[in-house]
Amino acid sequence: MMQYIDTHFHTLHMIQKGFDPKELFESLQQEGFAGGIDVGTHHNDILQRKNLLEDIPGVLLSGGIHPGNVGRYPFDELLSGVPLLVEAPVSFIGECGIDLYHRQDTLDEQMELFALQLQISRDTGLPVIIHSRDAEDQVLSLLKQYPPASGGIMHCFSSGITMAREVLDMGMHISFAGNITYKKNSYLREVLKAVPPDRLLLETDSPFLSPVPKRGKPNHPGRILHTYRLASKLLDISVEDLCQQVQETFLRLTGALS
């Protein structure tokens with residue numbers, strides 16, 4: 001049976017969309033789901049996610065504070081939460097970064113929060129998961145100031161080839177989500193083809209960004225196979241080979257495969 005990895009999903013958000021995680025992941029395992037990353041968005045969500053997922057083989061946890069939290073919570077609370085991201089065992093720091101699509105008025109605070117999480121990544125040696133939306137210059141500036149010691153993942157990549165080359169030169173991996181299947185995103189499909197095989201990852205960002213033909217419906221990791229199928233066509237390799245390639249890249253990033 002073909003096995004596949006989903007490098008970015010949010011179990012707590014999937015629950016809010018009506019999914020039962022135990023039932024869902026048990027079902028997906030029968031269909032080839034081999035794991036991935038359940039991604040944090042707030043410092044107080046880690047233990048809950050750990051308890052939900054500790055019996056799911058192959059699922060790793062990240063600890064991060066999403067930039068969208070700036071302006072929604074007291075900023076001092078977010079800053080004081082950064083050291084708590086590693087109180088429970090996590091394999092990644094993130095998702096963290098800068099989002100100027102939704103909030104431009106909080107840029108200074110977003111940059112401060114992002115810088116602190118990059119420093120935690122450096123201090124712990126954990127790879128980082130980065131959210132970048134309409135903030136290429138700011139994200140690149142901070143990555144140059146605080147280069148992650150163990151690299152990381154540019155999650156749900158939505159920038160152009162210039163940004164891709166910049167982050168690849170920094171040792172980062174690039175992960176594409178279901179939006180590569182959207183008709184308007186032909187530029188993203190071209191970027192995907194330019195990413196070296198050993199730096200290419202795929203994700204769902206569940207429960208968001210369902211790929212065509214499930215667009216508009218709540219997403220889950222099993223729907224990543226639509227994304228794998230399109231990517232395999234773009235790269236002119238079989239779906240099976242792409243699944244194996246992504247899994248090996250993911251395992252090398254986590255240190256499980258030397």
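Would you check if there is a residue in region 239-254 being modelled with pLDDT of 95 or more and touching a Cys at 6+ places or on another chain (Cβ under 8 Å)?
no
Does at least one position in region 81-88 carry a residue that is touching a strand residue (DSSP E or B) at 6+ places or on another chain (Cβ under 9 Å), more than 30 Å from Val239 (Cα to Cα) and charged (D, E, K, R)?
Looking for residues that are touching a strand residue (DSSP E or B) at 6+ places or on another chain (Cβ under 9 Å), more than 30 Å from Val239 (Cα to Cα) and charged (D, E, K, R), one finds at least one in region 81-88, hence yes.
Go through Leu24, Leu78, Leu28 for me and flag whichever is closer than 26 Å to Ser132 by Cα, more than 17 Å from the chain's Cα centre (by Cα) and of a type in the set (A, V, I, L, M, F, W, C).
Exactly one residue qualifies, and that residue is Leu78.
Report, by residue number, each residue of region 141-155 that is among the hydrophobic types (A, V, I, L, M, F, W, C), at pLDDT 95 or above and open to solvent by 20 Å² or more (accessible area, probe 1.4 Å).
Across region 141-155, there are no qualifying residues.
Can you tell me which residues in region 233-247 are within 15 Å of Asp6 (Cα to Cα) and open to solvent by less than 70 Å² (accessible area, probe 1.4 Å)?
Answer for region 233-247, where residues must be within 15 Å of Asp6 (Cα to Cα) and open to solvent by less than 70 Å² (accessible area, probe 1.4 Å): Val239, Leu242, Cys243, Gln245, Val246, Gln247.
Evaluate region 236-249: report whether one residue or more is within 30 Å of Gln138 (Cα to Cα) and part of a helix (DSSP H, G or I). Before you say what the answer is, go through the steps one by one.
Of all residues in region 236-249, those within 30 Å of Gln138 (Cα to Cα) come to 246, 249.
Then drop every residue that is not part of a helix (DSSP H, G or I), which leaves 246, 249.
Within region 236-249 (the criterion being within 30 Å of Gln138 (Cα to Cα) and part of a helix (DSSP H, G or I)), the answer is yes, since at least one residue qualifies.
Can you name every residue in region 76-96 that is under 23 Å from Gly36 (Cβ atoms), at pLDDT 95 or above and of a type in the set (Gly, Ala, Ser)?
The answer is Ser91, Gly94.
Can Tyr228 be described as aromatic (Phe, Trp, Tyr) and either touching a Leu at 6+ places or on another chain (Cβ under 8 Å) or open to solvent by less than 10 Å² (accessible area, probe 1.4 Å) (or both)?
So Tyr228 passes the test.
Determine if region 202-217 includes at least one residue that is of a type in the set (A, V, I, L, M) and either assigned to a helix (DSSP H, G or I) or open to solvent by less than 10 Å² (accessible area, probe 1.4 Å) (or both).
Looking for residues that are of a type in the set (A, V, I, L, M) and either assigned to a helix (DSSP H, G or I) or open to solvent by less than 10 Å² (accessible area, probe 1.4 Å) (or both), one finds at least one in region 202-217, hence yes.
Name every residue in region 80-126 that is of a type in the set (D, E, K, R), over 20 Å from Leu60 (Cβ atoms) and surrounded by fewer than 13 Cβ atoms within 10 Å (Cβ to Cβ), in order of residue number.
Hits for region 80-126 are Asp105, Asp108.
The values are calculated or read from the model by the stated rules, or taken from the named source; none is laboratory data. These numbers were taken from a predicted model, which means no experiment stands behind them. Glycine gets a Cβ as well: all are built from the backbone with ideal geometry, and neighbour counts include every protein chain shown. Side chains included, ligands, DNA and RNA excluded: accessible areas come from the protein's heavy atoms. Shrake-Rupley method; radii C 1.70, N 1.55, O 1.52, S 1.80 Å.
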